[in-house]
Every structure is written in C-alpha cells, then in structure tokens.
1. Which residue pairs have Cβ atoms under 8 Å apart, sit 6 or more places apart or on different chains, and have a first residue in segment 68-85 that is closer than 18 Å to Gly2 by Cβ and a second that is assigned to a loop (DSSP other than H, G, I, E, B) and open to solvent by 50 Å² or more (accessible area, probe 1.4 Å)?
2. Restricting the first residue to segment 56-67 and requiring it to be at negative phi, which pairs with a second residue that is open to solvent by 30 Å² or more (accessible area, probe 1.4 Å) meet a Cβ separation below 7 Å and a spacing of at least six or different chains?
3. Can you give me the ranges of the helices (runs of 4 or more DSSP H) entirely in segment 1-46 with at least 1 residues that are open to solvent by less than 50 Å² (accessible area, probe 1.4 Å) and closer than 22 Å to Ile120 by Cβ?
4. Return the residues of segment 82-103 that are out of contact with any Lys or Arg (no Cβ under 9 Å at 6 or more places or on another chain), open to solvent by 50 Å² or more (accessible area, probe 1.4 Å) and more than 26 Å from Phe69 (Cα to Cα); say none if nothing qualifies.
Amino acid sequence: MGELTSGVNFLAVIVGAVVAFVVGWAWYSPKVFGEKWAAGSGVKMDAASNMPVAAMAAQGIGLLLMSWFVGVTAASNMLASVILATVAFAVLAYSGNTFSGKTAYARNVDAGYWIVALVIMILAQGLL
C-alpha cells in the first residue's frame, strides 16, 4: 500500500478532484455544452433540484480516484503513465459511446472533459 501513498500530495489530489468536478458541472451545463450534449446522449436535462445524485456521487468518487492516480504517478515521476492511461480511457469511452448511439458531438464533449480533468489534476500536482 506504500506505493499508493508514499510522497503523494493529498492536498493536490483533493483540490484536483474538486476543481475537476466543478469544471465538469460547468462543462455539462446548458450554458456550455450541456444542451447539445444531452440531445446527442439521449439524456433529458432536468431542473437542478432533480440532479441524479447517484451519478454525481459516482463521478465525485471516480474523479478522486483519478486524481489520486495522478498523485501517485507524479510522486513516482511517471506522469506519462497517467497521461497514457487517461487517453486510453477517453478513446475506450469514445468507442463505447459510439456503440451506444451517442452523436459525435456528445462523444467529443465526453472525451474532451476527461482530458481537461487530467490537465486540471496535473496542474494541481505541480502548483500545490
């Protein structure tokens, strides 16, 4: 377990995850990409009071784990590994979204968000 915690900047892990979550909230909002993304994803955008709590919680946990992965690779001077893994994940998600019938626009919005989230997490590691 030491390789998952040794030298990891947990402040940067938490800040990276929180900032990526907030950016995601804005990214998928109706004012940015949300409406066209929702139409291309077959998702109905409801009022803020009807947000999917389970999906939001899973997103938060996933971002925290991803940010921790960035922290582990940063502590090991292996950031290229997390970049490769995130790009691979984004391509696989793009493929899965193609199979599920999402439009190219929706697939690009999703893949773009993962790359932006990664950049935020790397910046958090470098700045904090």
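The values are calculated or read from the model by the stated rules, or taken from the named source; none is laboratory data. Here the structure is a predicted model, which means the values were calculated and not measured. Here Cβ is always computed from backbone atoms with ideal geometry, including for glycine, and neighbour counts include all displayed protein chains. We work out accessible area using only protein heavy atoms, side chains counted, and drop any ligands, DNA or RNA first. Shrake-Rupley method; radii C 1.70, N 1.55, O 1.52, S 1.80 Å.
1. Ala75/Ser6; Ala75/Gly7; Ser76/Gly7
2. Filtered contacts from segment 56-67: Gln59/Phe21; Gly60/Phe21; Leu63/Phe21.
3. Result: 10-27, 34-41.
4. Phe99, Ser100, Gly101
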